[in-house]
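The values are calculated or read from the model by the stated rules, or taken from the named source; none is laboratory data. Note that the coordinates shown come from a computational prediction; the quantities given were computed from them, not determined experimentally. Counting neighbours? That spans all protein chains shown, and the Cβs are built from the backbone with ideal geometry, glycine included. Accessible surface areas use protein heavy atoms only, side chains included; no ligands, DNA or RNA. Shrake-Rupley method; radii C 1.70, N 1.55, O 1.52, S 1.80 Å.
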Amino acid sequence: MAIVQEAPLHHVDQAENYFDLCLRAAQEFLQTIVVVDDLATYGKAEEITNLTVPLSGSAPDSDEELEGSGEAEPGSGSALNVAALTDASADLGLTCAVLRPRVEEQHDGTLDRRLTKAAQRADVLVLDWQLNDEPGGEAALRLLSDVAADDQRRPARLRLVCIYTGEPDLDRVCEAVKNKLGSAVVRCSETADTDIWLDCGCMRVVILSKAGGLGSLGEDSPSAVSEDKLPERLLKEFAHLTAGLVSNVAVIALAAVRQDAHRLLTRFGKSLDPAFLSHRFFEGGAESEELLVRLVADEIKSVLDGADVRRWTDPQAIRLWGQENLPQSTVFSAGKATRTLTKDSLLSVIDGENHYGSLRLADSAKPSEFFDLAKVSKSSITHLLVDDPELAAELDYDFARLTCLARNDALPFPGKRSPILTEGTILRGRIGQELIYVLCAMPLCDTVRIDSPRAFPFVPLKSVGPDDRYNLVALSPEGDRLYLAFSPKNHYDIVRHTFSGDATGLVRSNRNRTPYGERFVFTASGGRPWIWIAELRFQHAHRKLHDIGAASSRVGLDESHVLRMAGKD
């Protein structure tokens, strides 16, 4: 009889609390650590094998001369046990690379260039504070600044940086890092905190002491970490960057793609090249390129389905989140009344599966009074989950923008690439002093193979306020919130503007200087400029075009007024 092995428990089922769940997600994702330390050694520190007899008169004559002889600062002699560090990393499934810079590499820029390139692939960066002959952490600060500057040129690069040092005054190190990063520091640990860290948005800097190093803190200190415990501590610190329900899904999704990357590569093998080129011959270059991108995206979606990514936001995961993040009670205004909900009530709200926005709850301050949460909170309950009403509105806006827009800024377009005019592109133009917004309504198949000027249809979008009716949101090129109203009834207001394709048969924007700064600009026939704002997600854009088509193809007929009125609700 065959023995049936039970499937291992999912991480959500094993997690002891919310942070443990986030820690498990981070461990699935984290892969690479890059360490820079000039005293990196395997096992024991290197032994001195040759002694040089000093020349006559070379010894200092006094203690004062010794003090001024340029000896290293306290902590600079703390060696790094590479074997212990790399073995502990491997035990957690991490790859650890160690750079031991020479003095000349620090001064000729080799180390800076080498580390910047390595950091582009690394999840975690570990820097020794005292590198060779540069005092006061000058080299470490310069390397940190170079990596931070390189990250700013890339789309929101998550980064954990650890200053790992034998310097006893960690507060002094923290202050130096804070001064170097300047306005990039969003918040940092307080003096009384046991952990020392700085939050720079997408980058977190943590400062740890080498346990057992020269001048190091006592081993009982939370900031003192030995090499064999460092990878585990770094994993916990990285989890602070990704500790969230939404971010956990993204982290696990990327981890699943990383793990299955080689299967994807075999699925799209080089043997398919002739068949692809045959397809491209008949269908054209731009459309064929887009087809391959969509095929890869669909295959990645199948990987995510197989990895059961959805479980990271199931009711059990949400309940762990709620236990950690929800207040013991919440008081909010519901029309003219004030309602009070306990933590348990809020948990039933957020982890329920069957109420679908309609839920009858009791006011914990007045147990005899019940109310329907959907009726009193209308379109959002975010304000019940955060303390600041303005923050709640901002989060709702950001999530709405995420769901409807594929692109809304210049960062997804590296190098000389730029947006193309296609189905769902949102543009901004001018009529006199008035700014106007339009949505491209050209079907996708008609936005390629453009070998002569072609008229593109555009549906006007009305810019409204946050309290008005709207169904699209985007950020303007200046970073302001846009609330845009789209109505299929505007099909009779559709306007057409003519554009010419480039050598690839696409209408492509150019980076131009405008009164608002450098922007992506489409130039219509006659020289009229249109500034690129955003691009809708494919299905979202397709639905807009479907709504327009349905509205413009309505059948009008004469019938009895009584019959027409009898059919209305």
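Quick look at the numbers
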item	result
Of all residues in the range 116-125 being surrounded by 19 or more Cβ atoms within 10 Å (Cβ to Cβ) and not in a strand (DSSP E or B), the one that is modelled with the lowest pLDDT	Ala119
Criterion: aliphatic (A, V, I, L, M), open to solvent by 70 Å² or more (accessible area, probe 1.4 Å) and modelled with pLDDT of 90 or more - qualifying residue of Leu234, Leu295	Leu295
Segments classed as strands (runs of 3 or more DSSP E), wholly inside the range 397-482, with at least 3 members that are at pLDDT 90 or above, of a type in the set (A, V, I, L, M, F, W, C) and open to solvent by less than 70 Å² (accessible area, probe 1.4 Å)	434-440, 454-464, 472-475
Residues of the range 149-177 satisfying the condition of being open to solvent by 10 Å² or more (accessible area, probe 1.4 Å), touching a Lys or Arg at 6+ places or on another chain (Cβ under 8 Å) and among the hydrophobic types (A, V, I, L, M, F, W, C)	none
Number of positions in the range 126-140 that are part of a helix (DSSP H, G or I) and open to solvent by less than 10 Å² (accessible area, probe 1.4 Å)	3
Residue satisfying all of: in the range 269-289; surrounded by 14 or more Cβ atoms within 10 Å (Cβ to Cβ) and either touching a residue at least 60 places away in the same chain (Cβ under 8 Å) or not in a helix (DSSP H, G or I) (or both); farthest from the chain's Cα centre (by Cα) among these	Gly284
Total residues in the range 141-154, condition without any contact (Cβ under 8 Å) to a residue 24 or more places away in the chain and assigned to a helix (DSSP H, G or I)	2
Any hit, the range 48-63, residues being assigned to a helix (DSSP H, G or I) and either modelled with pLDDT of 95 or more or open to solvent by 80 Å² or more (accessible area, probe 1.4 Å) (or both)	yes
Some residue of the range 544-555 being farther than 30 Å from Ser380 by Cβ, in contact with a helix residue (DSSP H, G or I) (Cβ under 6 Å, 6 or more places away or on another chain), open to solvent by 20 Å² or more (accessible area, probe 1.4 Å) and in contact (Cβ under 8 Å) with a residue 40 or more places away in the chain	yes
Pairs, first touching a residue at least 24 places away in the same chain (Cβ under 8 Å) in the range 317-342, second open to solvent by 30 Å² or more (accessible area, probe 1.4 Å) and among the small types (Gly, Ala, Ser), C-beta under 7 Å, six or more apart	Ser329/Ser364; Thr340/Ser329; Thr340/Ser364; Thr340/Ala365; Leu341/Ser329; Leu341/Ser364
Residue in the range 316-334 that is open to solvent by 60 Å² or more (accessible area, probe 1.4 Å), of a type in the set (A, V, I, L, M, F, W, C) and assigned to a strand (DSSP E or B) present	yes
